[in-house]
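Novice: Have a look at this one before I ask anything.
The values are calculated or read from the model by the stated rules, or taken from the named source; none is laboratory data. Just so you know, these numbers come straight off a predicted model, no measurement behind them. Note that each Cβ is placed from the backbone with ideal geometry, even for glycine, and that neighbours are counted across all protein chains shown. Please note that ligands, DNA and RNA were not included when accessible areas were found on the heavy atoms of the full protein model with its side chains. Shrake-Rupley method; radii C 1.70, N 1.55, O 1.52, S 1.80 Å.
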Amino acid sequence: MNVGILISGRGSNMVALADAVRGGRVPGARVALVLSDKAGAAGLESARERGIETAVVGRRGRTREEHELEIIERLRARDVELVCLAGYMRLLSPCFVGQFRGRVLNIHPSLLPAFPGLDAQRQAVEHGVKYSGCTVHFVDETLDGGPIVTQRVVPVLDSDTPDALAARILLEEHVAYPEALALVCSGRYEVSGRRVLKKKD
Ligand code: GRF
C-alpha cells in the first residue's frame, strides 16, 4: 500500500508513521511521498533524512481547487492509495475527499467528537475535562467528524497548561497513528455506519 503523508509543519506524526513503516510495524505499507503546503515545514527535512521523496505544493496565488488538483496529481503520480494527514493545516474540499473516499486518515489531539477544530488542547483545558487524548479518524466532508479508527486517553492534570497537555497527548499520537495505519493497511476492518469495526482473524 503506497502511503502519502500531508504535512504543514513540524511533522512529528509523519516521522512516527515513517519510522513505524521502516521498522516493519506496518506490514505492506510504503511511504511514497511526503507533501507539504509550506516550503518551510520542518518535517520536510526529517522526511528527506529518511530517504523519502518530498514535494511542496504552495497555495499562494491559486484557488483551493487548483491547489488540491495539483496535490491529487502528485499523489496519483506516485500511486498513492492512502493519504495520511499529519498536521496538515488546510481543510480538504469535498472534491478531494471524493477522489480518495475512505482512504484519507487524520489525527486530531482530542477525544472526538469533543473539541474539533483548532486549539483542541486549549479547548480541553478551558472546558475543564479530566481526560482528553487523541483520535485517528477517516476524513469525510465534515470537520474532524469522520468514522473513528482509534483513540488514546490522556488525563488532564490540575497543573496542565495547553502546551503541557499537548506535549503529553503528542506522545500518545505517535503510538495511535502507526497502530491505526497498520489496521487500515491490513484491511482487517469494516466501516458500519459511523463505526470502524475490527474483523476477527
Ligand atoms: C498534532 O497535534 C496533530 O494531532 C494535529 O497537528 C499536530 C501536528 O503535529 N493535527 P506534527 O506536525 O505531527 O508534529
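Novice: List the trypsin sites (Lys or Arg not before Pro) within the range 30-68 that fall in a DSSP loop (any state other than H, G, I, E or B) and whose Cβ has at most 10 other Cβ atoms within 10 Å.
Specialist: Those that pass, being in a loop and sparsely packed, are ARG60.
Novice: Just reorder MET89, MET1 by solvent-accessible area, largest first, 1.4 Å probe, all chains present.
Specialist: From most exposed to least exposed: MET89, MET1.
Novice: Mean separation of Cα pairs under 8 Å and 6+ residues apart, divided by the residue count of the chain: what relative contact order is that in percent?
Specialist: Contact order relative to length: 20 percent.
Novice: Heavy atoms only, probe 1.4 angstrom, no DNA, RNA or ligands counted: give me GLU70, GLU45 ranked by accessible area, highest first.
Specialist: In descending accessible area the options line up as GLU45, GLU70.
Novice: Placing +1 on the Cβ of each Lys and Arg and -1 on the Cβ of each Asp and Glu in the chain, which of GLY146, VAL184, ILE107 has its Cα farthest towards the positive end of the resulting dipole?
Specialist: VAL184
Novice: Is any residue of the range 40-76 close enough, with backbone N under 13 Å, to a label point placed 7 angstrom from the Cα of SER93 along the Cα-Cβ axis, and if so, which?
Specialist: Backbone N within reach: 62-73.
Novice: While we're looking at this one, here's another question. Using DSSP to call loops (not H, G, I, E or B), can you name the trypsin sites (Lys or Arg not before Pro) in the range 74-151 whose Cβ has at most 12 other Cβ atoms within 10 angstrom?
Specialist: ARG101, LYS130
Novice: Taking all protein chains in place and a 1.4 Å probe, what share, in percent, of the accessible surface of the chain do carbon and sulfur account for?
Specialist: Result for the chain: 51 percent of the exposed heavy-atom area is carbon or sulfur.
Novice: Let me ask something additional. Spin-label point model (7 Å from Cα, Cβ direction): what's the GLU53 to VAL153 distance in nm?
Specialist: A separation of 4.3 nm, rounded to one decimal place.
Novice: Moving to a separate point now. Helix-only estimate, please: 222 nm mean residue ellipticity of the chain, summing -39500 (n - 2.57) across DSSP H runs of length 4 or more and dividing by its residues, to the nearest 500.
Specialist: Mean residue ellipticity, 222 nm, calculated: -11000 deg cm²/dmol.
Novice: Sort out for me the Cα centre separation of the range 115-182 from the range 1-60, rounded to whole Å.
Specialist: 21
Novice: Please say if the range 1-101 is rounded, prolate or oblate, where rounded means a/c under 1.5 for a ≥ b ≥ c the square roots of the C-alpha gyration tensor eigenvalues, and otherwise the choice is prolate for a/b larger than b/c and oblate otherwise?
Specialist: In terms of gyration-tensor shape, oblate.
Novice: Work out the FRET efficiency for LEU197 and GLU66 from their Cβ-Cβ distance, taking R0 = 35 Å, and round it to the nearest 0.05.
Specialist: Efficiency at R0 = 35 Å is approximately 0.40.
Novice: Let me ask something additional. In whole Å, what are the extents of the range 74-201 along the principal axes defined by its C-alpha atoms, from largest to smallest?
Specialist: 47, 36, 26
Novice: Taking the alpha-carbon distance from LYS199 and a cut-off under 17 Å, which aspartates and glutamates remain once sequence neighbours fewer than 8 residues away in the same chain are dropped?
Specialist: GLU179, GLU190
Novice: So what is the relative contact order for the range 1-101, in percent, with contacts set as C-alpha pairs under 8 Å and at least six apart?
Specialist: Relative contact order comes out at 39 percent.
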